[in-house]
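The values are calculated or read from the model by the stated rules, or taken from the named source; none is laboratory data. Predicted model, so just to flag it, every value in this text is computed and none were measured. Reconstructed Cβ throughout: ideal geometry from the backbone, glycine too, with neighbour counts over all protein chains shown. To get the accessible areas, we keep the full protein, side chains included, count just its heavy atoms, and leave off ligands, DNA and RNA. Shrake-Rupley method; radii C 1.70, N 1.55, O 1.52, S 1.80 Å.
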Amino acid sequence: MNIYRHCSPAVGVIRECCMRVEPEQLKAFLSDSGLVNKKQLEQAEKDAAASGQSLDDILIKSGLVKQEEIVKLKAYILGIPFVNLEDEKIPVEVLQIIPEPIAKKQNIVAFRKADRNLEVAMLDPDDLQTIDFIKKKANLRILPRLTSAASIKNAIRQYQKSLQAEFGEIIGNETKELATIAESKAEEADLPKEDLEKAAQGLPIIKIVDTLLKHAILQKASDIHIEPMEKDIIVRYRLDGILHEAMTLPKQIAMGVVARIKVLANLKLDEHRLPQDGRFKIEDGNNKISFRVSVLPVYDGEKIVMRLLLENSQGFTLEKLGFWGRNLEILHRQIKKPTGLVLVTGPTGCGKTTTLYTVMDIINTPEVNISTVEDPIEYRMPRINQTQVNPKIGLTFANGLRSLLRQDPDIVMVGEIRDNETAGLAINASLTGHLVLSTLHTNSAAGALPRLLDMEVEPFLISSTINCIEAQRLVRRLIPESREKYRLSKDEIKSLRDNINEAKVLEMLREEKLISANQGLEDIDFYRPKATPENPEGFSDRIGIQEVIEISESIKDLIVKHATADAIAKQAKAEGMITMMEDGLIKAARGITSLEEVLRVTQE
């Protein structure tokens, strides 16, 4: 069959009707090929009809046929060449003709270019819209080829490797002038502001910084660390909560990179002795990304950490953040109260602000006035009056909160309670008819109460204003295709029993139908990551594990008596609180995360 027989010369691909393999066609060729017998084919058809899946999906999942065999058969039926790219090294300039996000989303990669012809490998021969888009973008004649999922994954991995190639070209060819500037001075701190501006505006430095930011966005990094060493610069990305080394850069460009980022963040170029904080935004397609910049003097220069925040990210719900059952019910009940204080606690980077923004999104209706004072404003929200703290001009959390209370708010969000004055004002605001939302740096929900006492807040005020306290950590999510089952050993079960209320956990597992009435911890299937070529770590994205204390009368009595965090936690557990460890164990039993991840973030 000639695949171009009905083609329009302008498009270079055949009509839609010729690019689809009909089920009856596939059945006939499968039968003739001898890959499956008649009985197996009939059973697969029944399973496909019952499950709503395609015939080839059923055959592949049952192990009767390999995916590559199905793809080769479809290629033969359509008359399209099949290519195997599992061991193919694709030239960077060819690979990048198709942007990485499109390649990942549509499972299509460019792998060979000759004159005006571009060969593209794809899984779906019916995706004419993507082929037409690539043709217009590249202004080339597109030659489609069918390939396997393994081939596509190998090609997409090469986008990551192109980071080194991009930097190698930029640094190798264009940094001579930077080296000249750096060598002309004994110390970077001695450089005049004019030289720093020149370095920051140089084409090679702009390219290096742009490439760093671009790859951080593509890899969905939450933070970028640029760390000066004695002889080079280490660049690391935080992916799903774990730092990964991304690149080593030559030391002579350190001055230019730091200067460029300071220019973007509107910081002082010639200040090398004091820490500086700033921010800037860039647009990537339909997304706006805000970068929060922190510059800190260290022994070998200035270290930069940039946090990436997707400004127009929407669609978070408490359920998506990991809340369920009792914790979800308490939080929903308490945020609907007209007055009181709701605290979200945990260490830096555990998702406290995301939880607060999600809560504000739930209660953000036209009938209420919500005002915030934050440092920094991480996400912009419609109909919410957000104020940025600026200590340089005297706009602190305390001063900002004082002014907000004169703006007739119904709900106030204080980004963080950092000192005695802010704590006192937040408590007073909740006493005078406002719902106050805020965060506090503590290790547990119970630990927030002694922390407030340390801030000299009167115990009777704490007990009469706080509605609930939530504490959380983030754990990495397991990829369903990259995990394996296992059961705990006797020693592991013994160790686990010391950290949980076994009877309560087993009751919850039975309610969730994860175990039957007569089963115990030794019968639970847990999951751990299984390394695969496409997912070496077995994790992607993160989810929260939480504990929530609802302030009952008995806990109020303990607060007034200056009880310890341990005494408050013990009473909360007696009243039904699910600890972070227990919440994590339930999520591990569901296969959402691994037990090792839960232990990693909860054991201090």
- Task: Check whether at least one residue in segment 211-220 is part of a strand (DSSP E or B) and either β-branched (Val, Ile, Thr) or surrounded by fewer than 18 Cβ atoms within 10 Å (Cβ to Cβ) (or both), and report yes or no.
- Result: no
- Before we move on, is Thr348 part of a helix (DSSP H, G or I) and not small (Gly, Ala, Ser)? no
- Val65 is checked against (1) touching a residue at least 24 places away in the same chain (Cβ under 8 Å); (2) of a type in the set (Val, Ile, Thr); (3) assigned to a helix (DSSP H, G or I) and fails just one. What number does that condition carry? (3)
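Quick grid of which residues meet (1) under 26 Å from the mean Cα position of the chain (by Cα); (2) under 30 Å from Met577 (Cα atoms); (3) at pLDDT below 90:
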position	(1), (2), (3)
Glu245	yes, no, yes
Thr248	yes, no, yes
Met255	no, no, yes
Leu264	yes, no, no
Lys288	yes, no, yes
Val295	yes, no, no
Lys303	yes, no, no
Lys320	yes, yes, no
- Restricted to segment 553-566, and to residues that are among the small types (Gly, Ala, Ser) and modelled with pLDDT under 95, which residue is surrounded by the fewest Cβ atoms within 10 Å (Cβ to Cβ)? Ala565
- Qualifying positions in segment 415-428 - open to solvent by 10 Å² or more (accessible area, probe 1.4 Å) and under 32 Å from the mean Cα position of the chain (by Cα): Gly415, Glu416, Arg418, Asp419
- Qualifying position, being on the phi < 0 side of the Ramachandran plot and either in a strand (DSSP E or B) or surrounded by fewer than 19 Cβ atoms within 10 Å (Cβ to Cβ) (or both), among Ile282, Ile253, Ile205, Ile261: Ile282
- Query: Across segment 367-382, what is the total count of residues that are modelled with pLDDT of 90 or more and open to solvent by 30 Å² or more (accessible area, probe 1.4 Å)?
  - Reply: 3
- Message: I need a count of the residues in segment 228-242 that are open to solvent by 50 Å² or more (accessible area, probe 1.4 Å) and in contact with a His (Cβ under 9 Å, 6 or more places away or on another chain).
- Response: 2
- Candidates Ala75, Ala44, filtered to the one that is open to solvent by less than 50 Å² (accessible area, probe 1.4 Å), modelled with pLDDT of 75 or more, farther than 24 Å from Gln129 by Cβ and not in a loop (DSSP other than H, G, I, E, B): Ala44
- Query: Which of the residues belonging to segment 576-597 are crowded, with 23+ Cβ neighbours inside 10 Å, touching a Leu at 6+ places or on another chain (Cβ under 9 Å) and assigned to a helix (DSSP H, G or I)?
  - Reply: Gly584, Leu585, Ala588, Glu597
- Task: Go through segment 119-153 and count every residue that is within 18 Å of Phe82 (Cα to Cα), within 30 Å of the chain's Cα centre (by Cα) and open to solvent by 40 Å² or more (accessible area, probe 1.4 Å).
- Result: 4
- Query: Has segment 48-66 got any residue that is at pLDDT below 85, under 36 Å from the mean Cα position of the chain (by Cα) and closer than 19 Å to Asn154 by Cα?
  - Reply: yes
- If a residue has to be assigned to a loop (DSSP other than H, G, I, E, B) and closer than 20 Å to Ile330 by Cα to count, how many in segment 551-568 make the cut? 2
- Test: Arg402 is in a loop (DSSP other than H, G, I, E, B), out of contact with any helix residue (DSSP H, G or I) (no Cβ under 6 Å at 6 or more places or on another chain) and either hydroxyl-bearing (Ser, Thr, Tyr) or open to solvent by 40 Å² or more (accessible area, probe 1.4 Å) (or both): no
- Residues that are open to solvent by less than 40 Å² (accessible area, probe 1.4 Å): find the strands (runs of 3 or more DSSP E) completely inside segment 432-550 holding 3 or more of those. 435-440, 466-478, 539-550
- Message: Can you confirm whether Val412 is within 34 Å of the chain's Cα centre (by Cα), open to solvent by less than 10 Å² (accessible area, probe 1.4 Å) and either farther than 24 Å from Glu575 by Cβ or among the hydroxyl-bearing types (Ser, Thr, Tyr) (or both)?
- Response: yes
